[in-house]
1. What is the residue count in segment 76-91 for residues that are touching a helix residue (DSSP H, G or I) at 6+ places or on another chain (Cβ under 9 Å), within 19 Å of Gln167 (Cα to Cα) and part of a loop (DSSP other than H, G, I, E, B)?
2. Take segment 120-172 and flag every residue that is acidic (Asp, Glu) and either part of a helix (DSSP H, G or I) or without any contact (Cβ under 8 Å) to a residue 12 or more places away in the chain (or both).
3. Would you pick out the residues in segment 92-115 that are assigned to a helix (DSSP H, G or I), under 26 Å from the mean Cα position of the chain (by Cα) and not acidic (Asp, Glu)?
4. Test each condition in (1) loosely packed, with under 11 Cβ neighbours inside 10 Å; (2) modelled with pLDDT under 70 for Ala66 and report the one that comes out false.
5. In segment 112-156, what residues are farther than 13 Å from Leu100 by Cβ, among the charged types (D, E, K, R) and touching an Asp or Glu at 6+ places or on another chain (Cβ under 8 Å)?
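The values are calculated or read from the model by the stated rules, or taken from the named source; none is laboratory data. None of these values were measured; they are calculated from a predicted model. In this analysis, Cβ positions are derived from the backbone assuming ideal geometry, glycine residues included, and neighbour counts consider all displayed protein chains.
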Amino acid sequence: MAEAEGASEPQATKKKMSGKKLVLFIVLPLLLLAGGGAAAFLLLGSEEPEKAVADGEEAAEEEHAADPGAPPIFVELPEMTANLISNGKKGAFLRTTLVLELGNPEDQPVFEGVQPRVENEIQTYLRSLRPEDLQGAEGMKRLRDELMLRVKDAAKPARVKDILFKQILVQQ
């Protein structure tokens, strides 16, 4: 009987996996794989195919809209003066003259119809600036980029290709 008890002891020492080991070696890797797969799907596959096709068509349309042999179309906006936000007693202001380059000659009459809206967007944005915002080349680049976003949106359906600074003066 002692031999029978000794024989059954090695079998009894084989334990089932404990709860901690089960979580550590099976459940945790499964959760990590599922989370990684979900993250990859959201990051890589979240763009809708219809939107990607529409963006591609819009980019191709813009490329074909401008005839490379045609002379560029420039529209000079009137000189604009805007008060800047300043902390000092003396007020600061910005005086600028902008020239817009249009996508094609057919956009010029369309742009003239929406020009007051474009000028309003520019004036509104300029009045929200501080003199420090316009310091150096980085400040001018940010100004140009911000104006470009606003002008393109306000000028629709006309296409604006570029904004050029003809004159810019910041006085404090």
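1. 2
2. Initially, segment 120-172 is screened for residues acidic (Asp, Glu), giving 121, 132-133, 138, 145-146, 153, 162.
Hits for segment 120-172 are Glu121, Glu132, Asp133, Glu138, Asp145, Glu146, Asp153.
3. Let us first name the residues in segment 92-115 that are assigned to a helix (DSSP H, G or I), namely 107-115.
So of that shortlist, the ones also under 26 Å from the mean Cα position of the chain (by Cα) come out as 107, 111, 114-115.
Matches in segment 92-115: Phe111, Val114, Gln115.
4. (1)
5. Scanning segment 112-156 gives Arg142, Asp153.
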